[in-house]
Each structure stands twice: as C-alpha cells, then as structure tokens.
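Colleague: Before I ask anything, here is the structure I am working with.
The values are calculated or read from the model by the stated rules, or taken from the named source; none is laboratory data. Keep in mind it's a predicted model, so treat the numbers as computed, not measured. All Cβ positions, even for glycine, are placed from backbone atoms using ideal geometry, and neighbour counts span all protein chains on display.
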Amino acid sequence: MLYRELVKVYKKIEETTKRLEMTSFLVDLIKKTPPDIIGRIVYLTQGKLYPDYEGIEIGMAEKMVIKALAKAAGISALQIDNDLKKTGDLGETARKFLNPSQKPPQVTEVFNILDQIAKTTGEGSVEKKIGLLSDLLSRAGGEEAKYIVRTVTGKLRLGIADMTILDALAIVYGKGKESREIIERAYNNTSDLGTVAETLAKKGLLGIKKLGIIPGKPLRAMLCERLADPAEILEKLGGRCAVEYKYDGERIQAHKIGQEVVLFSRRLENITYQYPDIVELVRGNLKADKAIIDAEVVAMNPETGEMRPFQDLMHRRRKYGIKEAMEEYPITLFVFDILYIDGKDLTQTPYLKRKEILRQVLKEGENIQLAKTEIVSDLETLEKIFELSIEEGLEGLVCKSISPSSVYQAGSRGWLWIKYKRDYKSEMIEPVDLVVVGAFYGRGRRRATYGALLLACYDEEKDMFRTITKCGSGFTDQDLALLPKKLKPYEIKHKHPRVDSQLKCDRWFTPTVVIEVIGAELTLSPIHTTAWSRIKKDAGLAIRFPRFTGRWREEKSAEDATTVSELVEMYEAQLKKIKK
C-alpha cells in the first residue's frame, strides 16, 4: 500500500469538523488496508510507531528535522527556518519545498525507516537520523513529506480518539453493538490498538475474544464516579459496600514477571525507572510468579510518619538523581486490587474475591500495605470512617460495590466505584481537572502570551469535551511565559471535532493538556456547553471566578478529566446545601 493512500485520508480527516465523517474516512481506509499492515496503519494514524507503554519515540528535535529537510530539498537550513516562521508548521514548509515524488514509498517503507530512526542511538546517531530522514523525504516529496515531518516531530494533529478508531474497526470487522464491546474489552486489556486491529483483521472476533491480559502490557485503569451525598452512595451500591481510603498519591499498575517488575502510570507510561524502591517492594512482597496489582504510591515524611501531599511525590518524576530523590521523598505503596495472577485473569472476578486473593499473596511491610478497607451497611458508620480518613490527612473514601457483578471494568468509569471526598461538602472547594481546548490573546502585560484559556470537561457518554469556563487567574509570570511553548505542539487551525464550544478562540488545541482549577461556585450559563439543557433549557454549567491552582495534571489524559456527570452532581449537591 502506498503511503500516498494514507495521506489522502489524513487530508480528509484534517479538513473535517464532524466526527461521523472522520469515522467514515477511517472505515474506508481500513477496508482497503491489507491485514499484514493494519497494525502499522493504526499506529501511524495515532502519530506513533508503538503503543505508549513501549516508551519508544521517534526522537527528532525540530532543528534536526530542519537539517534533514534542507538536505532533501537542496537548500539552506536558514531558508527552511525563515519559511517556518511564516507557516508555523514544519510539515507545511516541507510540502512547499519538496516536489511530488515519481516513485512514492510504501507504507511499510515509511514505517520501517521511522522505526530505524527511533531505534538509532549512540555515537553518530544524530547524523544518522538526519540522513535517514533526508533520504525518506527526498523519496516521498510533496504532501507525503508534510505528514512524515508532522509524525516525526510529534505533531500529526489528526485529533482521532482511540474510541473513534475502535468504532471504525467494529464497523469493518464486527457485527454491531455486541462486537464493539468485545473489541473495546480487548483494547482495555492490552492498551494496544495496533495489536487489536491486526488480530481482528487476521483472526476475526474469535481471535479478539482470545486476546487476554498479558503481564508486561498494562490494562487501562478502572475509574470512579463521584457523589457528594453518602446516603446516595449507599443507595447506588445496594445498601452495602466496601469502603477504601482515598490516598493523595500517584496511581501505579505494577506487573511482576518472574523477578522482573514493570511499573505503569495511570496514563500507561512506563515509569519503572522513577521508583526503584517500589520495584524491590513488589519483587520481594508479592508471592506470585506473574501478577498485576493496582496501587497508589504516596510520599511519606519519615520523621513523623505522615503522608505528604501529591506535589511532593512529583519530585520523583525525574531521569537523574533518583537515589537522592528516594532519600528525600521516601514512599509507601498502598495496594488496593489484583487483576491477574499466574495465568488467571481476575478482572471478571467479584471484588471481595479479588481482595481475598490479594490478602493471600501480598506480604505487608513498613512501605507496602493493603489499602485500608471496611464493609459498611449504614450511614453512621460510613460517615465515621469518612471523618477518620480526614483526620489521617487523606482525600476521603472510595466506596466499592461488593455485589456478584463487581468486576474490574478496565478502561471504564462506572457506578461500581464511587469517590466520596470531603470538599464536596462546601461550595466548590473541591478543585476539578479540566482540558485546555482553546486560548485567547492577552492584553497589556500579557500581550506576548495568552490572556486566558478556554477549558472543558469530558462528556463520557458522547466522547466529547464540553466547555465550562475561561480561566486567566492563578498563573504566575513564569506560567504565562511558558504557555505558548507548552501548548504549541497541540495547536490546530480550527475547533477540534470533539470540542463543543459556542465561544470562538484566537487559538484552538487538540484536547490533551489537563490542568487543575478551583472556583467560587458552579452556576448556570447561556454560553458554556457543559450539561447543556440538562438542568435548565438553553443553559449549561460554568465555573464562577475560576483560578488555576498551579497543578499541571501531566499524569492524566484528557479522558481522565472531570466529567459532565461529576459536575452535575457537584452542582446539585451545592443546591441542596443552599436550600438547607
């Protein structure tokens, strides 16, 4: 298959603002893609070569790509740089300077060369990468070069969500709603769209059903809903539930494979190198040959035994000085679930049985413990445990279903797990995590940067992002100076197809960057689209007097942001308090 065929589809996707059209274009592409290369097509369409957890990036800085492009076009790097200042898009500059190729490369050739670039390391690697890319661009030319450059620089900007790709795969290879669920489950269990696509193309739905959990490949995390009213929580969970402490740390999925231990973040990044102490704890305290556990790592004060805030833990997110960070910011790992053990998938096993298995195989110690759990069936006990958790400096509770259907819903947010946090008791003291979808130019002192950001929450039902506020407060001078550079990789020319906004921005972004925001209260708005007409006709929800807390939620993907349903719950809880 010629790479040119792939580029034709990319152009169509880039030009549309309609998700159904985007899906239709993908369906057409998948139908004409040979099964042997469908996995590579999916990865390239995601703007990558491998699943995120592999940690393999193409690794070419813009300056290197400029040199490669200049070499391919037979002009100076200065000419490329000058044109880039006009276009703001190195891919567009590549298209302008390279003529269409008479012998365009195949998809496999493009993938293999990009793969070679990604895996080239050591002495002389920079020159070799530039040479490989230059040769590829010379052969590709024109429109193909545009998208190769965007892929190499991590700025493909197609804006295709994983769920959209799954929809297209289900249409081509599946049989309606039932097959969509089967395909999505395989993706949730492997976090690998390429493998899912290839399995479907070669082995059909029977093959997909056999695509189980593989230690070393992270599962997509199960997520919580949240409610403000403990009585409503008990009612939702059938009058009886398990209550776990909610720790203010970083969620970690730990995989043990013999003596090897691999750690993944909530966003499925391999973060093993950041926590060598956790590796040793899991290796020595988990009595199984192969196992996968879900846990929360918390920074501790060794002098008082108290838990430190999440921000302190972020000092562990570094590539160098790990030993010093371990000494300065020691941790405790609180384990709350087990998903796999010695060949057995436990995700379809009820919660209490999983918990029992976890108790049997986890040897607790000073720095590795089971998350505190109690079974509760009355409101008084639930409130008492909640207050105890607050006294210990925790965020609150996670209330979990103990029914026979209390499975681990990988990649899903449902009512089997419900967060109950202290700040829900007052008017928006609880911060929310919102996605940057647009920006407005600044004035006066902010003339050189953005004056405010347009923020959105996540609509989990429609897989969309609904605007809820403009935020320009809480940013330091340093934050403001960095904003354009930080957001530049996600800049697009028009409103993203998954963004629902009545406002027009000076700049639009692919929904990617998540920040934490606090406000005075939630209020009805005739402008913002969150929960539109759900509470009042022709009105949505908005945050009044929003302020950036200073916390960049880099560990969260856009789909992990606060949801429409959560904000509606918070608004209704606020109303109940006012009425009282």
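Colleague: Starting from the stretch 443-467, keep only residues that are without any contact (Cβ under 8 Å) to a residue 24 or more places away in the chain, then list their pairs with residues that are surrounded by 12 or more Cβ atoms within 10 Å (Cβ to Cβ) and in a loop (DSSP other than H, G, I, E, B) whose Cβ atoms are within a distance under 7 Å, requiring at least 6 positions of separation or different chains.
Modeller: Cβ pairs passing all conditions: Gly451/Gly442; Gly451/Gly472; Ala452/Gly472.
Colleague: If you don't mind, another one. Give me a count of the residues in the stretch 300-354 that are out of contact with any Lys or Arg (no Cβ under 9 Å at 6 or more places or on another chain), closer than 26 Å to Ser412 by Cβ and of a type in the set (D, E, K, R).
Modeller: Here the count works out to 4.
Colleague: Can you tell me which of (1) assigned to a loop (DSSP other than H, G, I, E, B); (2) in contact (Cβ under 8 Å) with a residue 60 or more places away in the chain is the one Glu225 doesn't meet?
Modeller: (1)
Residue-by-condition table, conditions (1) surrounded by 21 or more Cβ atoms within 10 Å (Cβ to Cβ); (2) assigned to a helix (DSSP H, G or I); (3) modelled with pLDDT of 95 or more:
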{"residue": "Ile30", "(1), (2), (3)": "yes, yes, yes"}
{"residue": "Lys48", "(1), (2), (3)": "yes, no, no"}
{"residue": "Glu57", "(1), (2), (3)": "no, no, no"}
{"residue": "Asp81", "(1), (2), (3)": "no, yes, no"}
{"residue": "Lys85", "(1), (2), (3)": "no, yes, no"}
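Colleague: Go through the stretch 34-55 and give me each residue that's more than 24 Å from the chain's Cα centre (by Cα) and within 25 Å of Arg95 (Cα to Cα).
Modeller: Initial filter on the stretch 34-55 (more than 24 Å from the chain's Cα centre (by Cα)): 34-37.
Those that are more than 24 Å from the chain's Cα centre (by Cα) and within 25 Å of Arg95 (Cα to Cα): none in the stretch 34-55.
Colleague: Let me ask something additional. Among what's in the stretch 139-189 and is within 15 Å of Ala72 (Cβ to Cβ) and of a type in the set (Asp, Glu), pick the residue that is surrounded by the most Cβ atoms within 10 Å (Cβ to Cβ).
Modeller: Glu144
Colleague: Which residue, of Ser557, Ser533, Ser525, is more than 16 Å from Arg466 (Cβ to Cβ), among the small types (Gly, Ala, Ser) and at pLDDT below 95?
Modeller: Numbers: Ser533 fails: more than 16 Å from Arg466 (Cβ to Cβ); Ser525 fails: more than 16 Å from Arg466 (Cβ to Cβ).
Unique residue meeting the criteria: Ser557.
Colleague: Against the conditions (1) β-branched (Val, Ile, Thr); (2) surrounded by 21 or more Cβ atoms within 10 Å (Cβ to Cβ); (3) closer than 18 Å to Arg157 by Cβ, where does Ile66 fall short? Just the number, please.
Modeller: Evaluating Ile66 over (1) β-branched (Val, Ile, Thr); (2) surrounded by 21 or more Cβ atoms within 10 Å (Cβ to Cβ); (3) closer than 18 Å to Arg157 by Cβ leaves (3) as the failure.
Colleague: Restricting to the stretch 449-465, name every residue that is over 17 Å from the mean Cα position of the chain (by Cα), surrounded by 19 or more Cβ atoms within 10 Å (Cβ to Cβ) and not hydrophobic (A, V, I, L, M, F, W, C).
Modeller: Tyr450, Gly451
Colleague: Which residues, counting only those in the stretch 405-418, are closer than 24 Å to Leu379 by Cβ and assigned to a loop (DSSP other than H, G, I, E, B)?
Modeller: Going residue by residue through the stretch 405-418, those that are closer than 24 Å to Leu379 by Cβ are 405-406, 414-418.
Selection gives Ser405, Ser406.
Colleague: Could I ask something else about it? When the stretch 511-545 is examined, which residues are found to be free of Cβ contacts under 8 Å to residues at least 12 places away in the same chain and among the basic types (Lys, Arg)?
Modeller: Lys537
Colleague: If you go through the stretch 324-339 one residue at a time, do you hit one that is exposed (fewer than 13 other Cβ atoms within 10 Å of the Cβ), in a loop (DSSP other than H, G, I, E, B) and in contact with a helix residue (DSSP H, G or I) (Cβ under 8 Å, 6 or more places away or on another chain)?
Modeller: The answer is no, given that none of the residues of the stretch 324-339 is exposed (fewer than 13 other Cβ atoms within 10 Å of the Cβ), in a loop (DSSP other than H, G, I, E, B) and in contact with a helix residue (DSSP H, G or I) (Cβ under 8 Å, 6 or more places away or on another chain).
Colleague: When the stretch 346-375 is examined, which residues are found to be under 29 Å from the mean Cα position of the chain (by Cα) and part of a loop (DSSP other than H, G, I, E, B)?
Modeller: Selection gives Leu346, Thr347, Gln348, Thr349, Pro350, Asn367, Ala371, Lys372.
Colleague: May I ask you to verify whether Thr529 is in contact with an Asp or Glu (Cβ under 8 Å, 6 or more places away or on another chain), of a type outside the set (Asp, Glu) and more than 29 Å from Phe264 (Cβ to Cβ)? Walk me through how you get there before you give the answer.
Modeller: Working: in contact with an Asp or Glu (Cβ under 8 Å, 6 or more places away or on another chain): yes; of a type outside the set (Asp, Glu): yes; more than 29 Å from Phe264 (Cβ to Cβ): yes.
For Thr529, the condition - in contact with an Asp or Glu (Cβ under 8 Å, 6 or more places away or on another chain), of a type outside the set (Asp, Glu) and more than 29 Å from Phe264 (Cβ to Cβ) - is met.
Colleague: Next question. List the residue pairs whose Cβ atoms are under 6 Å apart, where the first residue sits in the stretch 258-272 and is under 16 Å from Val514 (Cα atoms) and outside any loop (DSSP other than H, G, I, E, B), the second is of a type in the set (A, V, I, L, M) and modelled with pLDDT under 95, and the two are 6 or more positions apart or on different chains.
Modeller: Pairs found: Ser265/Ile271.
Colleague: Let me ask you something else. Going through the stretch 108-159 one residue at a time, which ones are of a type in the set (A, V, I, L, M) and either part of a loop (DSSP other than H, G, I, E, B) or out of contact with any helix residue (DSSP H, G or I) (no Cβ under 8 Å at 6 or more places or on another chain) (or both)?
Modeller: Restricting attention to the stretch 108-159, the residues satisfying the condition of being of a type in the set (A, V, I, L, M) are 110, 113-114, 117-118, 126, 130, 132-133, 136-137, 140, 145, 148-149, 152, 156, 158.
Passing the criteria: Ala118, Leu156, Leu158.
Colleague: Going through the stretch 468-489 one residue at a time, which ones are in contact (Cβ under 8 Å) with a residue 40 or more places away in the chain and surrounded by 17 or more Cβ atoms within 10 Å (Cβ to Cβ)?
Modeller: So the first thing to find is which residues in the stretch 468-489 are in contact (Cβ under 8 Å) with a residue 40 or more places away in the chain, and the list is 468-471, 473-476, 479, 483, 487, 489.
Selection gives Ile468, Thr469, Lys470, Cys471, Phe475, Leu483, Leu487.
Colleague: If you don't mind, there's one more thing I want to ask. Taking the options Asp294, Asp289, name whichever one is of a type in the set (Asp, Glu), within 20 Å of the chain's Cα centre (by Cα) and closer than 25 Å to Lys344 by Cβ.
Modeller: Details: Asp289 fails: within 20 Å of the chain's Cα centre (by Cα).
Step by step, each of Asp294, Asp289 is checked, and only Asp294 is of a type in the set (Asp, Glu), within 20 Å of the chain's Cα centre (by Cα) and closer than 25 Å to Lys344 by Cβ.
Colleague: Among the residues of the stretch 419-430, are any in contact with a Leu (Cβ under 7 Å, 6 or more places away or on another chain), crowded, with 20+ Cβ neighbours inside 10 Å and not charged (D, E, K, R)?
Modeller: As a first pass, look at the stretch 419-430 and keep what is in contact with a Leu (Cβ under 7 Å, 6 or more places away or on another chain): 420, 428.
Next, from what is left, pick out any that are crowded, with 20+ Cβ neighbours inside 10 Å: 420, 428.
Restricting the remaining residues to those that are not charged (D, E, K, R) gives 420, 428.
So far as the stretch 419-430 goes, yes, one or more of its residues are in contact with a Leu (Cβ under 7 Å, 6 or more places away or on another chain), crowded, with 20+ Cβ neighbours inside 10 Å and not charged (D, E, K, R).
Colleague: Another question about this same structure. Within the stretch 507-522, identify whether any single residue is at pLDDT 90 or above and either outside the structural domain of Ser473 (by TED's automatic domain parsing) or more than 30 Å from Ile271 (Cα to Cα) (or both), and answer yes or no.
Modeller: Taking the stretch 507-522 as the starting set, the residues that turn out to be at pLDDT 90 or above are 507-518.
Checking which are either outside the structural domain of Ser473 (by TED's automatic domain parsing) or more than 30 Å from Ile271 (Cα to Cα) (or both) leaves us with 507-508.
Yes.
Colleague: Checking Ala72 against (1) in a loop (DSSP other than H, G, I, E, B); (2) in contact (Cβ under 8 Å) with a residue 40 or more places away in the chain, which test does it fail?
Modeller: For Ala72, the exception is condition (1).
Colleague: Could you say which residue among Ala197, Ala168 is outside the structural domain of Lys495 (by TED's automatic domain parsing) and touching a Gly at 6+ places or on another chain (Cβ under 7 Å)? Quick ask: steps written out before the conclusion?
Modeller: Details: Ala168 fails: touching a Gly at 6+ places or on another chain (Cβ under 7 Å).
Of Ala197, Ala168, the one residue that is outside the structural domain of Lys495 (by TED's automatic domain parsing) and touching a Gly at 6+ places or on another chain (Cβ under 7 Å) is Ala197.
Colleague: So, one more: Could you list, ordered by first residue, the pairs with Cβ atoms under 9 Å in which the first is in the stretch 559-570 and under 19 Å from Met163 (Cα atoms) and the second is part of a helix (DSSP H, G or I), at least 6 apart or interchain?
Modeller: Pairs found: Glu559/Asp162; Glu559/Met163; Thr562/Met570.
Colleague: Output the number of residues of the stretch 201-222 satisfying the condition of being crowded, with 17+ Cβ neighbours inside 10 Å, part of a helix (DSSP H, G or I) and free of Cβ contacts under 8 Å to residues at least 40 places away in the same chain.
Modeller: At the first step, the residues of the stretch 201-222 found to be crowded, with 17+ Cβ neighbours inside 10 Å are 201, 205, 208, 211, 213-215, 217-222.
Filter again for part of a helix (DSSP H, G or I), leaving 201, 205, 208.
Filter again for free of Cβ contacts under 8 Å to residues at least 40 places away in the same chain, leaving 205, 208.
Qualifying residue count, the stretch 201-222: 2.
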